[in-house]
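First comes the structure, then the notes that go with it.
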Amino acid sequence: MHESRGLGDVYQRQAMKSTIVEHLRPEFEPVAVVWSESIPEGALEFKKGRFGCILNLFAEASRRGRVAGGSRETIVCSGGRAALGFGVDFIASETELDHYSATFSKGLESARDEGAYRERMESARPSWRPLYEFGERRHCSFDMARRWLQDCLPRYDIPDRYVLFKPLSRTGSDENARTVIFPVSPLELAGLTTLLGSVIEGADPVQVPQGADCFRIGCFGYDQYDAEPPRAVLGMLDVDGREVMRRRFRDDTLTLTIPMPLFLRLEREADNSVLQLPAWSKLRS
């Protein structure tokens, strides 16, 4: 994989003042996703062995300006681990692959081994049992979910110990930032999508992948880092993700995850873009 260290002086000059942010004037702080060998003192991290959704780490960075992060020891959710690049437990065995194929489709109805699935469902914490029973309905069948897990989910086992969510204004050029996540309103999304389309060849500057929202702000963004051309990833389109976002942001807040090489291209264009049009200024005011 490529490293984002040394991607250029543009980000160094703009680490504390992004041209995009200056003109977009978003309500919520953009967040950089950083691979790191250490976590800063005072950063928010889940306690070892305790479940926590990584969307809350992202929200803390955006809403409260805190650095938040996790490691293989503190991220116990299989989805969160896969999203951040700490390996993919879903395919560790045929048993796990079968279980998650049922969970991602129609739950008990889709289970290949109903007895084993029911046993696991009934041993889960009470608040999770409806999820296991009905499934997440991301796929209409067990087989489709299984193919998605095997062929479509980007898989990473990153070399670094931690993944950090850092407010963009606190992220420096010497850090291994992989993506920048913008929490956006419909208006902010319109501006950013137009800016993206102005620097990307073709007519498809934004990817809208199927999957959980933790994947959309994590591994799908990593995947676009190495893509040519890279695209942004639209997120917070998942029922579970919307529930978290409702508590932290607003019902009309989405996310746009931009891989760092593409973010730097947008920074260079942002001073002479749609964000300077009188129509944009009128909408923004």
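Just a few scattered comments:
- Only one of the numbered conditions (1) open to solvent by less than 30 Å² (accessible area, probe 1.4 Å); (2) without any contact (Cβ under 8 Å) to a residue 24 or more places away in the chain is not met by Leu57, and that is (2).
- Taking (1) open to solvent by 10 Å² or more (accessible area, probe 1.4 Å); (2) touching a Lys or Arg at 6+ places or on another chain (Cβ under 8 Å); (3) not small (Gly, Ala, Ser) in turn, Leu196 satisfies each apart from (1).
- Thr193 part of a strand (DSSP E or B) and within 22 Å of Phe249 (Cβ to Cβ): no
- Count of residues meeting criterion [assigned to a loop (DSSP other than H, G, I, E, B) and of a type in the set (S, T, N, Q)] in the stretch 68-96: 2
- Residue in the stretch 74-87 that is surrounded by the most Cβ atoms within 10 Å (Cβ to Cβ), counting only those that are at pLDDT 95 or above and more than 20 Å from Gly235 (Cα to Cα): Ile75
- In the stretch 202-240, the residues that are in a helix (DSSP H, G or I), buried (at least 16 other Cβ atoms within 10 Å of the Cβ) and touching a residue at least 60 places away in the same chain (Cβ under 8 Å): Asp213, Cys214, Phe215, Cys219, Phe220, Gly221, Tyr222, Asp223, Tyr225
- Across the stretch 16-31, the qualifying residues are those that are in a loop (DSSP other than H, G, I, E, B) and in contact with a strand residue (DSSP E or B) (Cβ under 9 Å, 6 or more places away or on another chain), and the one among them that is nearest to Tyr222 (Cα to Cα) is Pro30.
- Subset of the stretch 32-67 [touching a Pro at 6+ places or on another chain (Cβ under 6 Å) and outside any helix (DSSP H, G or I)]: Gly65, Val67
Yes or no, residue by residue, for (1) in contact with a strand residue (DSSP E or B) (Cβ under 8 Å, 6 or more places away or on another chain); (2) under 21 Å from Asp98 (Cβ atoms); (3) basic (Lys, Arg):
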| residue | (1), (2), (3) |
| --- | --- |
| Ser123 | no, yes, no |
| Pro130 | no, yes, no |
| Phe134 | no, yes, no |
| Pro154 | no, no, no |
| Arg170 | no, no, yes |
| Val199 | no, no, no |
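- Sole exception among (1) modelled with pLDDT of 95 or more; (2) crowded, with 16+ Cβ neighbours inside 10 Å for Phe249, by number: (1)
- Counting only residues that are among the β-branched types (Val, Ile, Thr) and either without any contact (Cβ under 8 Å) to a residue 40 or more places away in the chain or more than 17 Å from Glu29 (Cα to Cα) (or both), the stretch 146-200 holds 6 of them.
- Selected residue (criterion: farthest from Ala83 (Cα to Cα)) from residues of the stretch 254-274 that are of a type in the set (A, V, I, L, M, F, W, C) and open to solvent by 10 Å² or more (accessible area, probe 1.4 Å): Val274
- Residue in the stretch 123-145 that is in contact (Cβ under 8 Å) with a residue 40 or more places away in the chain, touching a Phe, Trp or Tyr at 6+ places or on another chain (Cβ under 8 Å), aromatic (Phe, Trp, Tyr) and surrounded by 18 or more Cβ atoms within 10 Å (Cβ to Cβ) present: no
The values are calculated or read from the model by the stated rules, or taken from the named source; none is laboratory data. As the structure is a prediction and not an experimental result, all values here were calculated from the model. Methodologically, a virtual Cβ is constructed for each residue, glycine included, from the backbone with ideal geometry; neighbour enumeration extends over all protein chains shown. Accessible surface is based on the protein model in full, side chains and every heavy atom, while ligands, DNA and RNA are left aside. Shrake-Rupley method; radii C 1.70, N 1.55, O 1.52, S 1.80 Å.
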